[in-house]
1. Take the conditions under 19 Å from residue 135 (Cα atoms), assigned to a helix (DSSP H, G or I), in contact (Cβ under 8 Å) with a residue 60 or more places away in the chain and in contact with a strand residue (DSSP E or B) (Cβ under 9 Å, 6 or more places away or on another chain) and apply them to residue 45. Does it pass?
2. Out of everything in region 164-189 that is without any contact (Cβ under 8 Å) to a residue 40 or more places away in the chain and under 18 Å from the mean Cα position of the chain (by Cα), what residue ends up being surrounded by the most Cβ atoms within 10 Å (Cβ to Cβ)?
3. Tell me, please, whether a residue that is crowded, with 21+ Cβ neighbours inside 10 Å and at negative phi can be found in region 1-9.
4. Kindly indicate whether residue 38 is under 19 Å from residue 65 (Cα atoms) and assigned to a loop (DSSP other than H, G, I, E, B).
5. Which one is surrounded by the fewest Cβ atoms within 10 Å (Cβ to Cβ) among residues in region 17-35 that are outside any helix (DSSP H, G or I) and within 20 Å of the chain's Cα centre (by Cα)?
6. Can you find a residue that is within 17 Å of residue 132 (Cα to Cα), surrounded by 20 or more Cβ atoms within 10 Å (Cβ to Cβ), in contact with a helix residue (DSSP H, G or I) (Cβ under 8 Å, 6 or more places away or on another chain) and at pLDDT 85 or above anywhere in region 61-71?
7. Looking at region 82-121 only, could you name the residues that are loosely packed, with under 14 Cβ neighbours inside 10 Å and touching a strand residue (DSSP E or B) at 6+ places or on another chain (Cβ under 7 Å)?
8. State all residues of region 127-160 that are surrounded by fewer than 20 Cβ atoms within 10 Å (Cβ to Cβ) and modelled with pLDDT of 95 or more; if no residue qualifies, say none.
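The values are calculated or read from the model by the stated rules, or taken from the named source; none is laboratory data. Fair warning: this is a prediction, and the values are worked out from it, not measured in the lab. Note that each Cβ is placed from the backbone with ideal geometry, even for glycine, and that neighbours are counted across all protein chains shown.
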């Protein structure tokens, strides 16, 4: 089965399960509430909706990865031809939903003039990049807290919530610490780093903004590569135990 066909099947299966409703409703309603009054500051508002999208995407990832409770996983891996293709398709399908939520969060207020000033093309591009990178980080974070890795779903949800809080508060946590610890927000899921850039973009250099965006786009890809390696090793070990 080709990767695109596999992604299409996963998206259809997920929408039939109706498990998408809660994270999607959370994201949409949150954005609508943020812009229920106008005018709004552009960059500060985008910083808030980007952080909300991160939370919604982490929730979406947990739901998407386990919407069939693993009943079809092995069958789909066989049809995919390899575990790597299966997991890549799974991640890609979740990323598509995340991207659609990102477009809504960024375009809706600009299109309906919810801001107190026009939105320039560079600001719109930064907002799209920031929202999408945080969406990918949320999805990537959820990979490591799925029931297939942590059997107790309460502990998995609790661990994910703790990581979400730490990610959002990263820069605030190190403000009172020596400068040596300034790397911590970048090692944690760097959500607070992007929020800081969005809120202070007018005072930052193009190089600083571009470097941060590239780092935040690379972070979820590296996280997924680590997940992919561990997941494939776990699958191989599981098959060896069954055959033995």
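1. For residue 45, the condition - under 19 Å from residue 135 (Cα atoms), assigned to a helix (DSSP H, G or I), in contact (Cβ under 8 Å) with a residue 60 or more places away in the chain and in contact with a strand residue (DSSP E or B) (Cβ under 9 Å, 6 or more places away or on another chain) - is met.
2. Going residue by residue through region 164-189, those that are without any contact (Cβ under 8 Å) to a residue 40 or more places away in the chain are 165-166, 169-188.
Then drop every residue that is not under 18 Å from the mean Cα position of the chain (by Cα), which leaves 165-166, 169-170, 185-188.
Working: 165: 12, 166: 16, 169: 14, 170: 21, 185: 23, 186: 16, 187: 9, 188: 20.
This residue is 185.
3. In the first step, residues of region 1-9 are kept if they are crowded, with 21+ Cβ neighbours inside 10 Å; the result is 6.
Among the residues that remain, those that are also at negative phi are: 6.
Yes.
4. When the stated conditions are applied, residue 38 does not pass them.
5. The initial filter retains those residues of region 17-35 that are outside any helix (DSSP H, G or I), namely 18-20, 35.
Okay, now just the ones that are also within 20 Å of the chain's Cα centre (by Cα), so 18-20.
Values: 18: 9, 19: 17, 20: 17.
Filtering first and then ranking leaves 18.
6. Of all residues in region 61-71, those within 17 Å of residue 132 (Cα to Cα) come to 61.
Next cut, surrounded by 20 or more Cβ atoms within 10 Å (Cβ to Cβ) only: 61.
From what is left, the residues that are in contact with a helix residue (DSSP H, G or I) (Cβ under 8 Å, 6 or more places away or on another chain) are 61.
Narrowing the set further to residues that are at pLDDT 85 or above leaves 61.
Yes.
7. Hit for region 82-121 is 116, nothing else.
8. 128
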